[in-house]
Amino acid sequence: MPKKLLALCLVFIFTITLHSQNNQQKTNSQWLIKNTNVVDVLSGKILKNRNILIESNKIIAISKKNKNYDNVPASNQIDASNKYVIPGLWDNHIHIEGENLVEDNLALFPVYLAYGITTVRDCASDLGEKVLSWRDQINSGSLLGPTIFTAGRKLEGINSIWKGDLEISNESELHLMLDKLDNYKVDFIKITESTLDGSLYTKSVLAAHNRGYLVSGHIPSNVSIETLIDNGLSSIEHASYVLRLGSDENEIISKLNSKEITKSQAEQLYYKNFNQEKAISNYKKLAKKGMTVTPTLIGGKQLAYLDENDHKNDAYLQYLTKRFTDNYQWRIGRMAGETAEQKQQKKDKYKRIAQQVPLMQKAGVTILAGSDSAALNTFVYPAAALTEELELFQNAGMQPKDILKTATINGAKFLKKSDTMGSVNEGKIADLVILNENPLIDIRAVNKVYGVFTKGQYFDRENLNNMLEIAKNKKIELDEKRK
Ligand SMILES: [Zn+2]
């Protein structure tokens with residue numbers, strides 16, 4: 001069969017499947033996941049022999065006893081004995097980006113579900129308005145994909161390196177842009193520091209915080225982490241910044257401000273002067289102030305080990321269009337001309353950053369698992385990169401029960417949604433992933449997805465494979481069309 005025809009057939013079969021599932025819901029919206037092991041992410045324990053009763057998209061009961069479930073039709077009863085039910089996974093840092101990648105991004109939404117990711121936090125992009133509209137369409141049920149929380153577009157300085165940001169040079173522009181984001185009804189504010197000066201950056205954090213927003217951001221070179229947290233910064237994106245906490249940050253900043261050293265010399269100092277004990281004591285201090293960090297290790301790792309790992313044959317490339325992966329050259333290009341010494345330092349730095357994750361977690365810092373998957377982030381694959389990120393946390397020495405929190409309840413807590421999302425409990429939204437293996441023994445079990453329940457629908461392995469097949473064919477179709 002020609003590939004195009006095959007793709008069409010699959011879309012057709014899949015639509016029929018979804019359609020019949022929707023029809024079933026009209027007649028009976030109850031579902032039952034039977035005889036299963038519920039992974040309680042709060043206690044890090046397994047609750048054995050549980051039955052999870054779901055009505056439309058809510059968990060209405062979790063019981064141990066074999067109650068009478070006669071009103072749940074046999075076709076809506078899922079036997080999940082010897083399986084493990086976890087909350088739907090959250091990727092807490094992605095970018096749905098690329099003005100010319102609209103179809104490409106849309107085709108990846110079902111792929112997230114197939115990987116067990118039922119919620120994503122989009123940390124701003126040049127597709128801001130589109131992402132906001134997709135968020136609303138997914139919420140209303142007219143589009144199938146993970147629940148999206150988004151910052152829309154991010155605040156930056158004038159002529160930054162980013163496309164499609166909201167660039168400001170003074171406080172009145174800052175307030176105009178915040179008005180714009182108010183109108184967009186964004187879920188949080190994202191601020192980065194490519195050209196945004198430290199003092200306006202700090203004012204932006206405070207202004208957004210005073211409007212009641214959660215504020216996620218990078219750390220400008222001439223402001224301390226503590227100052228930003230005191231001004232209302234809610235989360236630090238990328239653990240590379242926390243290496244600063246192993247030195248006397250204020251001392252280095254004052255040298256920078258007096259032009260005694262440059263930005264890159266400051267970076268070198270943070271790395272050379274790094275003292276682990278000092279860092280840990282600062283983590284404890286900032287944990288008390290409610291610090292949250294999204295480490296996004298995988299992106300840094302992919303770049304640091306580019307010379308050792310050949311990604312040509314990565315299986316995931318079957319879902320990504322040529323136009324999508326063409327963007328990978330941007331970061332590769334920026335690294336061209338690096339000396340062997342610089343390459344080695346990149347690896348050493350990556351290792352040190354990764355080591356900080358379990359130490360921050362032990363100190364009480366809230367860790368959010370986020371992949372930073374984006375067209376611009378080389379070999380950080382949408383959906384698949386989250387499970388890689390979790391594996392890197394495990395390799396760094398974090399316990400599976402703590403890792404699972406970073407990709408479930410912590411994201412919900414951060415966005416103040418933990419009353420309805422993030423764990424398997426009565427009354428919560430039924431975003432559930434059924435795994436073949438126990439993720440509390442080895443976090444890589446999140447790759448063994450048996451089925452996903454989300455948006456009031458159950459997708460078994462066959463449905464999920466169909467979703468992946470459709471995404472694969474869409475990639476072929478888009479590449480052909482653009483030749
Ligand atoms: Zn990012």
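Taken together, the values in this text are just the output of simple stated rules run on the coordinates, not laboratory data. In this text the structure is predicted, and so the values were computed from the model without any measurement. No Cβ is skipped: glycine too gets one built from the backbone with ideal geometry, and neighbour counts run over all protein chains shown.
Couple of notes before you dig in:
- Ranking of Trp31, Trp134, Trp90 by neighbouring Cβ atoms within 10 Å, starting from the fewest: Trp134, Trp31, Trp90.
- Taking a ≥ b ≥ c as the square roots of the eigenvalues of the alpha carbon gyration tensor, the chain is prolate, as a/c is not under 1.5 and a/b beats b/c.
- Pairwise label distance in nanometres, Ser63 with Asn465, each label 7 Å out on the Cα-Cβ vector: 3.5
- Taken along the Cα-to-beta-carbon direction at a fixed 7 Å, the label points for Ile332 and Glu99 span 2.5 nm.
- The fewest-to-most ranking of Asp431, Asp310 by surrounding Cβ atoms within 10 Å reads Asp310, Asp431.
- Positive-end extreme of charge dipole, the chain - chosen from Pro439, Gln329, Thr294 (charges on Cβ): Pro439
- Cα-Cα over 30 Å, subset of Lys154/Lys346; Lys163/Lys483; Lys34/Lys417; Lys285/Lys416; Lys48/Lys288; Lys48/Lys417: Lys48/Lys288
- Straight-line reach from Lys83: taking Cα to Cα under 18 Å and skipping same-chain neighbours fewer than 8 places apart, the aspartates and glutamates in range are Asp40, Asp431, Glu437, Asp442, Asp460, Glu462.
- Cα long-axis angle, helix 276-288 against the chain (0 to 90 degrees, to the nearest 10): 60
- Cα lying deepest toward the dipole's positive end in the chain, options Ile229, Gln342, Tyr84, charges on Cβ: Tyr84
- From phi via Karplus (6.51, -1.76, 1.60), per-residue ³J(HN,Hα) for the stretch 132-143 in Hz, x at Gly/Pro: 4, 6, 5, 3, 5, 5, 5, 5, 8, x, 8, 9
- Degrees separating the helix 198-210 axis from the principal Cα axis of the chain, which is the longest one: 40
- Segment Thr262-Lys483, extension gain: residue separation times 0.36 nm, minus the distance between their alpha carbons: 75.0 nm
- Angle between the chain longest axis and helix 340-363 axis [Cα atoms, degrees, rounded to 10]: 60
- FRET efficiency estimate (nearest 0.05) - Cβ-Cβ, Lys272 to Arg211, R0 35 angstrom: 0.35
- Candidate aspartates and glutamates - alpha carbon under 16 Å from Lys322, same-chain residues fewer than 8 apart omitted: Glu97, Glu99, Glu103, Asp104, Asp314, Glu477, Asp479, Glu480
- In this simple spin-label approximation, Asn159 and Tyr305 carry label points 7 Å from Cα along the Cα→Cβ vector, and these lie 3.9 nm apart.
- C-alpha center-to-center spacing [the stretch 94-151, the stretch 278-295] in angstrom: 31
- When the Cα gyration tensor is reduced to axis lengths a ≥ b ≥ c, the ratio a/c is 1.5 or higher for the stretch 80-170, and with a/b above b/c it is classed as prolate.
- Size of electric dipole in the chain: Cβ of Lys, Arg +1 and of Asp, Glu -1, about Cα centre, debye, nearest 20: 1120
- Neighbourhood charge, 11 Å Cβ-Cβ cut-off, centred on Leu42 and excluding it, Lys, Arg +1 and Asp, Glu -1: +3
- Rounded to the nearest Hz, the phi-derived 3J(HN,Hα) couplings of the stretch 254-268 under the Karplus curve 6.51 cos²θ - 1.76 cosθ + 1.60 (θ = phi - 60°) are 5, 5, 5, 5, 8, 6, 5, 9, 8, 4, 6, 5, 4, 4, 4, where x marks glycine and proline.
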